[in-house]
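K.L.:
First the structure, which I've put down as structure tokens, then a few questions once you've had a look.
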Amino acid sequence: MPDSRITIQQAPFDPALIESELRRDNPAIGALVSFLGLMRDINEGQQVQALTLEHYPGMTEKALAEIVAEACRRWRVIDLRLVHRVGRLTPQEPIVLVSVASHHRGDAFRACEFIIDYLKTRAPFWKREATDQGERWVDAREDDDRAQARWRD
């Protein structure tokens with residue numbers, strides 16, 4: 001059964017609306033921590049005009065659900081939303097939103113950071129950039145691997 005807290009979509013999204021819906025009518029929420037990833041216009045010293053994100057439907061949702069479930073096992077999460085775009089994006093467009101609601105800020109901060117660190121290393125998304133020199137696939141970054149490694153038990 002799909003996790004209703006997770007959305008993969010081509011259409012743009014409104015982070016403020018998603019955050020508002022997440023916390024609506026829940027007075028138990030004492031903290032809401034969000035990470036918004038934006039498409040930037042430069043990578044590895046080259047101008048980037050567009051980014052195309054590809055994924056395998058079904059496989060990607062399963063991987064994201066496992067990441068979210070692990071975050072919820074580790075920290076007290078009341079609710080969360082994970083929205084990830086696919087398709088062609090241009091600079092300044094939101095790519096990903098992770099919003100975590102909890103009783104206290106510590107759980108919300110750690111769960112949010114854990115989810116985004118694991119997204120960067122464990123989620124099956126492939127990125128192709130359009131630059132002045134043509135298109136290129138984006139390789140995994142060692143910094144992302146190091147960030148994810150600190151969460152290992």
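K.L.:
Before we move on, is D107 within 23 Å of I42 (Cβ to Cβ), not β-branched (V, I, T) and not in a strand (DSSP E or B)?
P.N.:
The answer is no for D107.
K.L.:
Now a separate question. For L97, are the conditions met, namely being in contact (Cβ under 8 Å) with a residue 12 or more places away in the chain and either surrounded by fewer than 18 Cβ atoms within 10 Å (Cβ to Cβ) or not in a helix (DSSP H, G or I) (or both)?
P.N.:
So L97 fits the description; yes.
K.L.:
Separate question: For the range 10-30, does any single residue satisfy the condition of being surrounded by 15 or more Cβ atoms within 10 Å (Cβ to Cβ) and of a type in the set (K, R)?
P.N.:
Yes.
K.L.:
Pick from the range 122-153 the residues that are loosely packed, with under 15 Cβ neighbours inside 10 Å, among the acidic types (D, E) and not in a strand (DSSP E or B): which of them is modelled with the highest pLDDT?
P.N.:
Only one residue fits best here, namely D132.
K.L.:
Has the range 54-61 got at least one residue that is in contact with a Lys or Arg (Cβ under 9 Å, 6 or more places away or on another chain) and surrounded by fewer than 16 Cβ atoms within 10 Å (Cβ to Cβ)?
P.N.:
Checked against the condition, which is being in contact with a Lys or Arg (Cβ under 9 Å, 6 or more places away or on another chain) and surrounded by fewer than 16 Cβ atoms within 10 Å (Cβ to Cβ), the range 54-61 yields at least one hit.
K.L.:
Is it fair to say L119 is buried (at least 20 other Cβ atoms within 10 Å of the Cβ) and not in a strand (DSSP E or B)?
P.N.:
yes
K.L.:
Condition (residue is touching a Gly at 6+ places or on another chain (Cβ under 6 Å), more than 18 Å from L22 (Cα to Cα) and surrounded by 15 or more Cβ atoms within 10 Å (Cβ to Cβ)) applied to the range 70-78: is it met by at least one residue?
P.N.:
Scanning the range 70-78, I find no residue that is touching a Gly at 6+ places or on another chain (Cβ under 6 Å), more than 18 Å from L22 (Cα to Cα) and surrounded by 15 or more Cβ atoms within 10 Å (Cβ to Cβ), so the answer is no.
K.L.:
Give the residues of the range 101-139 that are small (G, A, S) and within 16 Å of M39 (Cα to Cα), sorted by residue number.
P.N.:
Within the range 101-139, just A130 meets the criteria.
K.L.:
A further question on this structure: Could you give every pair whose Cβ atoms fall below 8 Å, whose first residue belongs to the range 2-17 and is of a type in the set (S, T, N, Q), and whose second residue is part of a loop (DSSP other than H, G, I, E, B), counting only separations of at least 6 or pairs across chains?
P.N.:
Final answer for the pair search is T7/F13; Q9/V86; Q10/V86.
The values are calculated or read from the model by the stated rules, or taken from the named source; none is laboratory data. These numbers come from a predicted model, not from an experiment. Cβ coordinates were reconstructed from backbone atoms using ideal geometry, including for glycine residues, and neighbour counts include every protein chain displayed.
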